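What follows is calculated from the coordinates using simple rules that are stated; it is not laboratory data. Just so it is clear, the structure is predicted and the values come from calculations on it, not from any experiment. So basically every Cβ, Gly included, is an ideal-geometry build from the backbone, and we count neighbours across all protein chains shown.
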Ligand SMILES: Cc1cc2nc3c(=O)[nH]c(=O)nc-3n(C[C@H](O)[C@H](O)[C@H](O)COP(=O)(O)O)c2cc1C
């Protein structure tokens, strides 16, 4: 069983470094005295500063109500060590289950929101609901990342990228073309 990972404070304006590649994330929430977690693949960076992130959280999920009502969540980045937990959490409802207990995960206190960080994840991004204008039409929540925590190593964690049909791709080889970028594009 993976252990909690020590994380360091990280600049919210730089969370694209982890989320732009489109990894599967675990979204934790807290409402009416209870914690929950869901698996999520549909997210998108929208702005560096303020650090804005859009997530499609279907209204059929218990997390949808919890996050809409509380106006908060934490977006956590799991690695391949948590593959079975990612699948299990995304295939059951938190309405009647404590998923932290069921999947042996550690709820750690956040500093800016009441939703907990998931200790075993490589990174955790504390989010506040920034704009709910598209929730009614598309279940699309726009969050501001108000505090970020990242494990100092490895620099490129092995993340999960869902292709549908129960199959994941795993992040791999790193290539750089940094010299070809205009400075303002970096
Ligand atoms: C790999 C994977 C990716 C998922 N991506 C999303 C997503 O982007 N948005 C969403 O609403 N549900 C997504 N789900 C489904 C939810 O995680 C699932 O319905 C979960 O049981 C919701 O839990 P809850 O009812 O406790 O909130 C995904 C599930 C899996 C397994």
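Structure notes:
A quick yes/no check of all residues on (1) within 8 Å of the ligand (Cβ to nearest atom); (2) buried (at least 17 other Cβ atoms within 10 Å of the Cβ):
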site: 43; (1), (2): yes, yes
site: 51; (1), (2): no, yes
site: 65; (1), (2): no, no
site: 68; (1), (2): no, yes
site: 72; (1), (2): no, yes
site: 80; (1), (2): no, no
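- Residue within the range 150-166 that is within 16 Å of the ligand (Cβ to nearest atom), surrounded by fewer than 17 Cβ atoms within 10 Å (Cβ to Cβ) and over 23 Å from residue 53 (Cβ atoms) present: yes
- Residue 114 being within 15 Å of the ligand (Cβ to nearest atom), more than 25 Å from residue 158 (Cα to Cα) and either touching a strand residue (DSSP E or B) at 6+ places or on another chain (Cβ under 6 Å) or outside any strand (DSSP E or B) (or both): no
- Selection status of residue 29, within 14 Å of residue 127 (Cα to Cα), over 13 Å from the mean Cα position of the chain (by Cα) and in contact (Cβ under 8 Å) with a residue 24 or more places away in the chain: no
- For residue 50: the one exception among (1) in a helix (DSSP H, G or I); (2) over 24 Å from residue 32 (Cα atoms): (1)
- Of the numbered criteria (1) near the ligand (Cβ under 7 Å from one of its atoms); (2) outside any loop (DSSP other than H, G, I, E, B), the one residue 93 fails is (2).
- The single condition from (1) within 23 Å of residue 12 (Cα to Cα); (2) exposed (fewer than 10 other Cβ atoms within 10 Å of the Cβ) that residue 171 fails is (2).
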